[in-house]
Amino acid sequence: SRREGFSMIPNVKWEDVGGLNMLRQEFERYVVRRIKHPEDYEEFGVDLETGFLLYGPPGCGKTLIAKAVANEAGANFIHIKGPELLNKYVGESELAVRMIFSRARTCSPCILFFDEIDALTTKRGKEGGWVVERLLNQLLIELDGAEQRHGVYVIGATNRPEVMDRALLRPGRFGKLLYVPLPTPDERGLILKALGRRKPIDPSVDLLAMGKNTGCENLSGADLAALMNEAAMAALEEKLTSEISNSDASSPCTIKATHFEQALSKV
Ligand code: ATP
């Protein structure tokens, strides 16, 4: 996106995240409360991890939760994409890493989010991997500067934790590993509710029940977002058609069960 690499406070709230309650609690303790009430942690002399690795299948809310953490903490958010870091600044990747951390310190409290972080580590040791090697070393140097990292929290995300360079996972780096699983049937309902928060869902539609529908089996959060979008689109189509034919203009235009059925047949 246009904002890539720049800092801003995202507009994602906890309410926008469906399910993932354990993760939310962890991040409340480890990041949000720490940023809002540092004195508590100082009083008790608690020293906690500042680096996290979110791992799990695609589209299950890793980016979303990282943004919500920043929003809830009132912290800035810097979104870095692993592959871009590697390719966009050819020959200057190390400098880019230094600059990213320096920018994060300047705008602390800050969440530094590294998406597809595995891209930085897969080629290490292989031929032509020296760029990655140097980039990775610079990253480790910056991560280890934790003492100077006041108020900078790093969150990495990957679908392939098994290819991650072990050195990155040590305490003080991306030290706390958190699994972001596919949603359970109940969680699918909660995700649908979160996704429908700002949409004209018909009151007759039971999104919690829909999450348990067999048609939703194995769908990820991203799939459910696509489903919600298709249903909204079907409702909009109906509204436009009825406006053109000028028939039944009085019926309220909401997203109904039939629209979800149409959407389910597409997703
Ligand atoms: P990837 O590994 O592909 O980067 P990700 O785990 O970072 O995926 P997100 O980018 O957070 O996934 O999710 C993609 C979209 O799917 C979100 O913008 C949101 O619309 C929807 N989504 C995914 N998970 C959830 C969730 N738990 N609650 C609400 N919406 C979700």
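The values are calculated or read from the model by the stated rules, or taken from the named source; none is laboratory data. Nothing here was measured: the structure is a model prediction, and the numbers come from that model. Don't worry about glycine lacking a Cβ; one is built from the backbone with ideal geometry, like all the others, and counts go over all protein chains shown.
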Would you pick out the residues in the range 198-234 that are of a type in the set (D, E, K, R) and under 15 Å from Ala257 (Cβ atoms)? Lys199, Asp202, Asp206, Lys212, Glu230
Just checking, which of Arg103, Arg24, Arg98, Arg2 is at pLDDT below 95 and either within 12 Å of the ligand (Cβ to nearest atom) or part of a loop (DSSP other than H, G, I, E, B) (or both)? Arg2
When you look at Lys88, is it within 22 Å of Thr158 (Cβ to Cβ), basic (Lys, Arg) and surrounded by 22 or more Cβ atoms within 10 Å (Cβ to Cβ), yes or no? no
Matching residues, the range 161-192, being within 16 Å of the ligand (Cβ to nearest atom), part of a loop (DSSP other than H, G, I, E, B) and in contact with a strand residue (DSSP E or B) (Cβ under 9 Å, 6 or more places away or on another chain): Met164, Phe174, Val180
Residues of the range 140-195 being under 20 Å from the mean Cα position of the chain (by Cα) and among the polar types (S, T, N, Q), which ones? Thr158, Asn159, Thr184
Quick check: is even one residue across the range 250-265 closer than 21 Å to Pro57 by Cβ, in a helix (DSSP H, G or I), out of contact with any Leu (no Cβ under 9 Å at 6 or more places or on another chain) and not basic (Lys, Arg)? no
If you go through the range 207-224 one residue at a time, how many are surrounded by fewer than 18 Cβ atoms within 10 Å (Cβ to Cβ) and either polar (S, T, N, Q) or within 9 Å of Gly189 (Cα to Cα) (or both)? 6
I'm checking my understanding of the structure. Among residues of the range 44-72 that are among the aliphatic types (A, V, I, L, M) and part of a loop (DSSP other than H, G, I, E, B), which one is farthest from Glu28 (Cα to Cα)? Val46
Scan the range 43-61 residue by residue and report those that are of a type in the set (Phe, Trp, Tyr), within 16 Å of the ligand (Cβ to nearest atom) and out of contact with any helix residue (DSSP H, G or I) (no Cβ under 6 Å at 6 or more places or on another chain). Phe52
Pair list, Cβ < 6 Å and 6+ apart or interchain, from the range 37-63 residues that are closer than 22 Å to Arg170 by Cα to residues that are away from the ligand (no atom under 16 Å from the Cβ): Leu48/Tyr30; Glu49/Gly175; Glu49/Lys176; Thr50/Tyr153; Gly51/Arg173; Gly51/Gly175; Phe52/Lys176
Can you work out which of the residues in the range 204-227 that are free of Cβ contacts under 8 Å to residues at least 40 places away in the same chain and more than 18 Å from Gly59 (Cβ to Cβ) is farthest from the ligand (Cβ to nearest atom)? Thr214
Evaluate the range 80-87: report whether one residue or more is in a helix (DSSP H, G or I), within 12 Å of the ligand (Cβ to nearest atom) and under 27 Å from Asp165 (Cα atoms). yes
